[in-house]
Every structure is written in structure tokens, then in C-alpha cells.
1. Taking only the alpha carbons of region 63-116, what extent do you get along each of the three principal axes, in Å, biggest first?
2. With just the Cα atoms of region 2-115, tell me how far they stretch along each of the three principal axes, in Å, largest first.
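Bear in mind that the values in this text are calculations on the coordinates, not laboratory data. It should be emphasised that the depicted structure is a prediction, and the values quoted were computed from it without experimental measurement.
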Amino acid sequence: MAVSGFIARRPVDADFAVLAQMRRDSRLQNETLYVPEDTADAAIRAWMTAAESCVRVVADAEDQAIGFAEVWSVPDTRKAHGRVAILSGRRGQGAGTAALAAVIDVATELGMASLLAEMTPDNSAARGLHLRHGFREVGVLDCHFRDTSGLWRDVLVMQRPLGLSSGRRP
Ligand SMILES: CC(C)(COP(=O)(O)OP(=O)(O)OC[C@H]1O[C@@H](n2cnc3c(N)ncnc32)[C@H](O)[C@@H]1OP(=O)(O)O)[C@@H](O)C(=O)NCCC(=O)NCCS
């Protein structure tokens, strides 16, 4: 899908260098609250194509990868987690909005009833982005993420319904 000059699409081989750079970036790992165990080339290629995590590349008008969106479901529920990340030099131009729109589209296509997102409470860019796109703040988990320097960080949990709720199934 396209949002203001950016598209979100499935990853291709040509995206590998940018995605690998982002996956290995400790600052981005701390912002997205995920430190991959393995960042060797093979592990990154496996992540790009893994069925359990739906990865979408956010690309600019020249079809260059500048970020990614990721969705993975919570087993035995209709809840999914979303994660978005844009290269630091390409932020503030709408790419994050395109990434979040892709997360919402993918989770909806998967038949999910709600989406979860996690960030540190001081991440005002991510917090604002999610609030403007229908997420509400659920609460803060104390000392829930250990960052790359070994510091335990609080985690803000946000949730967005996808309009597919039925009955009491989670
Ligand atoms: C969050 C992130 C994806 C936003 O990407 P982006 O390309 O800057 O997003 P956009 O350009 O679409 O901007 C989205 C909104 O955030 C606002 N924004 C951008 N940077 C901001 C900042 N530092 N503080 C507050 N708001 C900010 C923009 O003004 C825009 O507002 P609008 O919707 O009213 O126009 C990006 O900052 C990022 O990759 N952060 C690191 C990873 C991360 O934190 N992911 C979220 C947790 S999984």
C-alpha cells in the first residue's frame, strides 16, 4: 500500500543491506525493544521471509528500502504485535505513517481482532504516531526490556482494535 510517496511491500533481495544495517543497529534495537539473538546474514534473510513474522519493507519513491514494518501474532489469540522502524535520516516525512498503515493492513488481513505495540514511555515520536492512528495506552510494564547496555527499561503497551471483535475470544 502507498502513503504519501512511500510504499510498503514484501522484502526482496535488494533490500538486504538496509534491513541488515537496521537489524544490527543497537540504537534501533533499543528503540524497537528487540535485540535479535543472531544477526548473521542467514538469520537476517530468514527473518525477512519468515512466515510467523510478516515483514514489510517501507520504500521511497525510488523503491529504496528506508524502513520496515513487522507483525507477529500471539499464539491462540486474535491479537498481533506490530513493530515499525524508519532509518534515522529518513524520519519525519511520513514513512513511519506508511509503516504503521502496513502493520494495520497486515494484521487485518490475518484476521486479527486487535493490535499491540510496545515502546519506551519517552519515545514521543512512536507514542504520538500510534495515538494518532487509533491506539490507546494500556499501561506501563516496569523494567520489562533490557537494553543493549544492560539497563532495564519500562515499557509502554498500546492497543488498537481492528473492528473484527466477536464474542469473548481474545
Ligand atoms: C516512530 C517512527 C517509526 C516514526 O517514523 P517517521 O518516519 O518519523 O514518522 P512520520 O514521518 O510518519 O511521522 C509521524 C508523526 O510523528 C511526528 N513526529 C516525528 N518525529 C517526532 C518526534 N521526535 N517527537 C514527536 N513527534 C514526532 C510527526 O510530526 C508526525 O506527526 P503527524 O502524524 O501529526 O504528521 C520513527 O521515529 C522510528 O523509526 N523510531 C525508532 C523505532 C521506534 O521507535 N519504533 C516504535 C516502537 S516499535
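1. 38, 17, 15
2. So the three principal-axis extents are 36, 34, 25 Å.
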